[in-house]
Amino acid sequence: MTSIARAIASDWLETASATSASSASSAATASSATSGELPELSSKDGALAVTLTAAESQVPYAGSTRWAMTYNGRVSGPTLRVHPGDRLTVTLVNDLGKPTSLHTHGLHVSPEQDNPFVSVEPGQSYTYTIDIPANQQAGTYWYHPHVHESTAEQVASGLSGAMPWSRMAARPGRLMPGFSLMVVRMALMPSLNV
C-alpha cells in the first residue's frame, strides 16, 4: 500500500470513529472545520435542509495539505441522517470550475426529485427537494455527483457523503460500520468485491 493510500485509509478510519457534537437542525449548513470529526446533520420534525457548497480546496493530508474537491471545505461531505417519511432539501452551490450535480444513491425516490441529468453550472446553485418514502428500507446510502463523463473524477477527488439510517435510534457521530468499510475498500482496494 502506498503512503498516499495509508494516509487516506488512516484519515477515513479516524473519521469513521470520530464523535461529532453537531446539533440536529431542520435548517443547517455543514461546518468546514478541518478536525478529524465528520459533521453530522439530522432531520428534525420530519425535515432536513442543508446547503452543500462544492469547491476546490486545500485539505489536511499526511501532515501537509493537498488539493481536493470538497463539500463545505471537507473531503467527504457531512453525514445526512434522515428517516423514512422525511423531506430532505439540499441546496447545491457550485463553486467548482466545471458542472456538477447531486445524486442520492440507493434511495427509492422519484427521478423528478433525484434527477441525475440535472447539471449545476459553475457559479450557479440548484435546490433538490427529496421526499423519502415511508417504506424506504434501512441501509447505508450515500450522495455524490452524477455528471455525465465526470462522475468518477469528482467522486475520486472527494465529493461524496454518507446517508446511513436504520429504524433504530441514531447514534450521533457514529457511522454504520458497513459504510466505513465500504469507503476504504472502494477508495483503496477497488479490486476487492464488497
Within segment 76-96, how many residues turn out to be in a loop (DSSP other than H, G, I, E, B), out of contact with any Lys or Arg (no Cβ under 9 Å at 6 or more places or on another chain) and open to solvent by 30 Å² or more (accessible area, probe 1.4 Å)? 2
Return the residues of segment 57-75 that are under 14 Å from the mean Cα position of the chain (by Cα) and either part of a loop (DSSP other than H, G, I, E, B) or acidic (D, E) (or both); say none if nothing qualifies. N72, G73, V75
Across segment 114-136, what is the total count of residues that are part of a loop (DSSP other than H, G, I, E, B) and either farther than 15 Å from L80 by Cβ or touching a residue at least 24 places away in the same chain (Cβ under 8 Å) (or both)? 14
Is there any pair with a first residue in segment 41-67 that is farther than 24 Å from W165 by Cα and among the aromatic types (F, W, Y) and a second that is open to solvent by 30 Å² or more (accessible area, probe 1.4 Å) and assigned to a strand (DSSP E or B) whose Cβ atoms are under 7 Å apart and which are 6 or more apart or on different chains, and what are they? W67/E56; W67/Q58
Restricting to segment 56-74, name every residue that is of a type in the set (A, V, I, L, M) and either modelled with pLDDT under 90 or surrounded by fewer than 17 Cβ atoms within 10 Å (Cβ to Cβ) (or both). V59, A62
Looking only at residues that are closer than 19 Å to T51 by Cα, in a strand (DSSP E or B) and not hydrophobic (A, V, I, L, M, F, W, C) in segment 137-170, which one is nearest to the chain's Cα centre (by Cα)? G161
Among (1) modelled with pLDDT under 50; (2) open to solvent by 20 Å² or more (accessible area, probe 1.4 Å), the one test that V184 misses: (2)
Verdict on V50 being part of a loop (DSSP other than H, G, I, E, B) and either modelled with pLDDT of 90 or more or over 18 Å from E153 (Cα atoms) (or both): no
Look through E121, E112 and report the one residue that is open to solvent by 30 Å² or more (accessible area, probe 1.4 Å) and at pLDDT below 95. E112
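The values are calculated or read from the model by the stated rules, or taken from the named source; none is laboratory data. It should be emphasised that the depicted structure is a prediction, and the values quoted were computed from it without experimental measurement. Don't worry about glycine lacking a Cβ; one is built from the backbone with ideal geometry, like all the others, and counts go over all protein chains shown. The accessibility values were calculated without ligands, DNA or RNA, using every heavy atom of the protein model including side chains. Shrake-Rupley method; radii C 1.70, N 1.55, O 1.52, S 1.80 Å.
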